[in-house]
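The values are calculated or read from the model by the stated rules, or taken from the named source; none is laboratory data. From a predicted model like this one, the values you see are computed outputs, not experimental measurements. Positions of Cβ are backbone-derived with ideal geometry, glycine not excepted, and every protein chain shown enters the neighbour counts. What goes into the accessible areas is simple: the full protein's heavy atoms, side chains included, and nothing from ligands, DNA or RNA. Shrake-Rupley method; radii C 1.70, N 1.55, O 1.52, S 1.80 Å.
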Amino acid sequence: MEKLIGLLKDIRDDVDFENRTDLIDSKILTSFDIIQIISTLDDEYDISIPAVEIVPANFNSAEAIYALITKLKG
Amino acid sequence: MNLLSFVFFAFLCILLLLYYKAGSGLQWKVLLFASLVFYMWARPVYVVFILISIVSTWKLMQNPVKSHFIWTIVINLGLLVIFKYSVNFGIHDLIAPLGISFYTFMTLGYAHDCYDKKITPSNDLLRYALFISYFPQLTQGPIGTYQEMQEQLTEYHKFDPENIKLGAYRVIIGVFKKLVIAGRVAFYIDTVYASPKSYGGLTIIVATCFYLIEMYADFSGYMDIVCGVSQMLGIRLKENFRRPYFSKSIPEYWRRWHISLNEWFNTHLFMPSVTTDWNRKLARLLGKVFPKAKKGTLRLIFPTIIVWIVTGVWHGAKVSYLGWGIYFAAVMLISFCTSSYVKKFSKKIHWNPDNVFVKIFQVVRTLFVLSIGEIIYRSESLENMKAAFRNILTDTRISGSSIAAAMTPFGNGNQAAASVIIIAVLAIAQFAVELAKEKDEKAFTGHRYLYAGAMLVVIALFGVAGKSNFMYQAF
């Protein structure tokens with residue numbers, strides 16, 4: 001989880017990834033940020049996030065993103 | 001059926017009567033019947049094509065496997081290509097079925113969502129037929145999604161006088177924008193853009209500014225009319241505009257203009273392209289050439305180019321539309337690739353993004369970049385486009401004679417002065433109307449009678465009755 005927070009902070013250092021649970025719902029992350037995130041995750045975790053998983057529920061918090069990685073890894 | 005005609009007014013009155021008289025099981029069927037009547041009004045035979053699309057997609061998506069999804073794409077895109085594009089190659093001279101560009105996208109969106117298992121396929125052909133053919137959104141959108149629309153369309157709606165009043169008020173706002181504002185400026189734009197080589201740079205700049213006003217007033221006016229009509233039926237359509245000309249960047253502008261089309265492209269073309277294997281591989285190759293570039297940015301390049309070329313061609317098979325698509329693909333890519341540098345630079349020179357002057361600068365910059373794209377889009381030929389840019393770059397002096405020349409497309413003397421005053425007043429009025437619309441959407445308060453009355457008087461006095469076709473109807 002710490003590694004993930006670090007990667008997310010590299011993309012947007014102004015966002016409180018530890019506590020926010022409304023990253024998409026409150027329009028904190030733009031679609032541009034989402035693409036930076038999926039592309040970093042693909043490389044760092046050796047996964048490939050399909051379009052069908054790019055839904056608000058999977059990107060609203062760092063925890064949700066972590067759950068998505070775990071799901072795709074498993 | 002033209003929305004600005006007496007026939008449509010009579011159609012709506014009869015529909016409202018039957019719709020609210022019908023019981024819960026029958027109400028949505030009345031709506032389906034009315035939608036088919038609306039569709040068949042001008043060219044009854046053309047209903048065949050929308051029915052082919054509805055029945056085949058519904059049937060194939062009962063079992064949304066890959067081969068069925070591909071067949072749905074082939075049938076629907078096939079019809080679109082036959083009607084919309086092959087006419088340019090002289091193969092036939094058939095007129096495209098009403099709203100084909102819009103209902104094809106709704107159909108493909110539905111099929112894609114079924115295939116991706118985001119929705120459960122409809123098990124009722126008639127209910128699905130209403131989703132595709134619901135008449136307010138059929139001709140020019142908004143492009144609704146099955147998730148948003150299905151329940152609303154088929155559930156029972158009790159008569160509510162507030163909905164009728166608010167809906168009618170919204171219709172009046174739309175007619176005001178279309179007939180008074182878009183209608184007033186259209187003549188000037190048509191005159192100048194018919195032959196830009198005959199006009200000085202200042203005149204072309206004025207015509208381009210007017211074109212921005214016309215496009216917004218025409219298209220958002222149409223949306224106000226259809227959203228108002230739909231509200232009278234108790235059904236809320238998706239909003240297609242969020243004051244786009246106040247955007248601070250071009251990517252933001254495209255999130256606030258024709259929202260339903262842009263969301264469609266984002267969901268069904270852009271994001272799937274970003275996540276494909278070939279795009280990942282291409283991004284890796286590009287990464288070797290540009291090792292310092294962000295990986296995410298490299299993955300945006302090809303999907304952005306594809307989406308903008310398709311968006312351009314979606315408007316029609318014209319070089320100007322293709323040029324417009326390529327232009328915006330380039331602008332978006334420049335915006336994506338430079339955003340982190342711009343942020344760093346802004347911090348360095350202590351630009352505060354919340355400062356009002358910084359915001360005004362960003363809005364003006366966006367309008368400037370947008371105007372260049374609209375000159376490409378509006379020019380009817382390559383020659384006209386070159387003439388427009390040449391005259392703007394070489395022949396723009398602000399002098400008494402150039403101002404007098406810029407007045408000529410209005411007509412002569414008093415007519416020109418009157419037009420300038422009317423357009424200035426109307427542009428301010430439109431802004432006021434927009435603000436009032438957003439302020440208090442839920443209740444029909446007393447002052448709305450006053451606004452509605454004032455707008456009706458202005459429509460009667462200054463409305464341009466001959467201009468009742470809407471721009472996006474052509475797509």
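Computed values, structure above
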item	result
Where segment B:226-367 is the region considered: accessible area per residue in Å², 1.4 Å probe	51 Å²
Contact order normalised by residue count of segment B:6-158, Cα under 8 Å, 6+ apart, percent	32 percent
Probe 1.4 Å - accessible area at residue B:146, Å² to nearest ten	30 Å²
Rough spin-label spacing in nm, given labels placed 7 Å along Cα→Cβ, for residue B:359 and residue B:1	4.3 nm
Potential extension, residue B:395-residue B:428 segment - 0.36 nm per residue separation minus Cα distance	8.9 nm
Positive-pole candidate from B:316, B:244, B:95, dipole of the protein assembly as shown, charges at beta carbon	B:316
In the B-A interface, the accessible area buried, summed over both sides, Å² (probe 1.4 Å)	1500 Å²
Residue B:349-residue A:13 FRET efficiency (beta carbon distance; Förster radius 22 Å; 0.05 resolution)	0.70
Sequence-distant lysines (8 or more away, or on other chains) whose Cα lies within less than 29 Å of residue B:386	B:84, B:197, B:248, B:318, B:467
Global form of segment B:6-158, assessed from the alpha-carbon gyration tensor, a/c cut-off 1.5	oblate
Cα gyration tensor shape of chain B, rounded if a/c is under 1.5, else prolate or oblate by comparing a/b with b/c	oblate
Estimated [θ] at 222 nm from DSSP helical runs (n ≥ 4, -39500 (n - 2.57)) normalised by residues in the protein assembly as shown, nearest 500	-21500 deg cm²/dmol
Fraction in percent of alpha-carbon pairs per bin - 20 Å, the protein assembly as shown	18, 51, 29, 1
Which of B:143, B:37, B:77, positive extreme of dipole for segment B:6-158 (C-beta unit charges)	B:37
Under the span-like rule (Cα at least 24 Å along the axis, Kyte-Doolittle mean at least -0.5), DSSP H helices of chain B	B:201-232, B:295-314, B:319-348, B:356-378, B:413-439
Length added when fully stretched, residue B:29-residue B:10, from 0.36 nm per residue minus Cα-Cα	4.9 nm
Charge dipole (debye, nearest 20) of the protein assembly as shown; +1 at Cβ of Lys and Arg, -1 at Cβ of Asp and Glu	720 debye
Links that overshoot a 25 Å alpha carbon limit, given the list A:9/B:347; A:71/B:295; B:238/B:344	B:238/B:344
Per residue accessible area of chain A, 1.4 Å probe, in Å²	50 Å²
Share of carbon and sulfur in the accessible heavy-atom surface of the protein assembly as shown [1.4 Å probe, %]	66 percent
